[in-house]
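Worksheet for the structure shown next.
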Amino acid sequence: MLTPEQMIATQKSQLETMIALSGKALDGFERLVELNLQTLKTAMHETSDAAIAAMSVKDLQELASLQPNLAQPLAEKVLSYSHHVYEIASGTQAEIAKAVESNAAEMNRKVQSLVETATKNAPAGTETAVAILKSAISAANNAYDSLHKAGKQAAEVVEANINTVTSSAMKAAQTTGASRVKRAAA
């Protein structure tokens, strides 16, 4: 059975893990806030530059030629921002998943050790119960592994889809921007 010292050590380990996970989540949040602040600063500067450019036009044709030059970079920036947000979120999720996986592996080792100790000290006639316990632990580990693999595959599919959508949207923005420049010039 577990001694009080082992229980305290386990609780301390779990608390340290929880604190580490909270730190990783906070780091991701901090990166997201920094991205948002930088995006806001850039948007303010670009908006003021665009307003100054719009105020200096002399006719409607010149104003019409400014619009495509503003729309294409805006679409690219929105896509870039979305990509950065995704990178921050997926990076933070990967760090947390790695920590959780490591913690789960450590807990699995401890449970296996506990089961082995209990097996050695089990009274005669409890072999069936011990076998059932070992089978249940093995099934739980297999289920965890399957869920973990499925989660990784799902994350890979999402990332591939985001990259495809981003690439398609960038091409569409470039094509649309080029078409507008041609129409404005005509």
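What the table below lists for this structure:
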| quantity | calculated |
| --- | --- |
| Leu37-Val158 FRET efficiency (beta carbon distance; Förster radius 25 Å; 0.05 resolution) | 0.40 |
| Within straight-line cross-link reach of Lys77, aspartates and glutamates at Cα separation under 17 Å, skipping those fewer than 8 residues along the same chain | Glu34, Glu46, Asp49, Glu87 |
| Charge context of Asp27, other residues only, Cβ under 12 angstrom, K/R +1, D/E -1 | -1 |
| Neighbourhood net charge (12 Å Cβ-Cβ; Lys/Arg +1, Asp/Glu -1) for Ser113 | +1 |
| Label-point separation in nm, Ala20 to Ala99, each point 7 Å along Cα→Cβ | 0.8 nm |
| Entries in Lys12/Lys110; Lys58/Lys171; Lys98/Lys152; Lys110/Lys134 that, when Cα-Cα distance is taken, lie over 21 Å | Lys58/Lys171 |
| Segment 4-185 - percent relative contact order, Cα under 8 Å, separation 6 or more | 41 percent |
| Sum of side-chain charges, Glu87 neighbourhood, beta-carbon under 14 Å (Lys, Arg +1; Asp, Glu -1) | -3 |
| Theoretical gain in end-to-end length, Gln6 to Arg109 [0.36 nm per residue, Cα-Cα removed] | 35.7 nm |
| Estimated [θ] at 222 nm from DSSP helical runs (n ≥ 4, -39500 (n - 2.57)) normalised by residues in the chain, nearest 500 | -35000 deg cm²/dmol |
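Where a number appears in this text, it was derived from the coordinates with a stated rule and is not lab data. Predicted model, so just to flag it, every value in this text is computed and none were measured. Note that each Cβ is placed from the backbone with ideal geometry, even for glycine, and that neighbours are counted across all protein chains shown.
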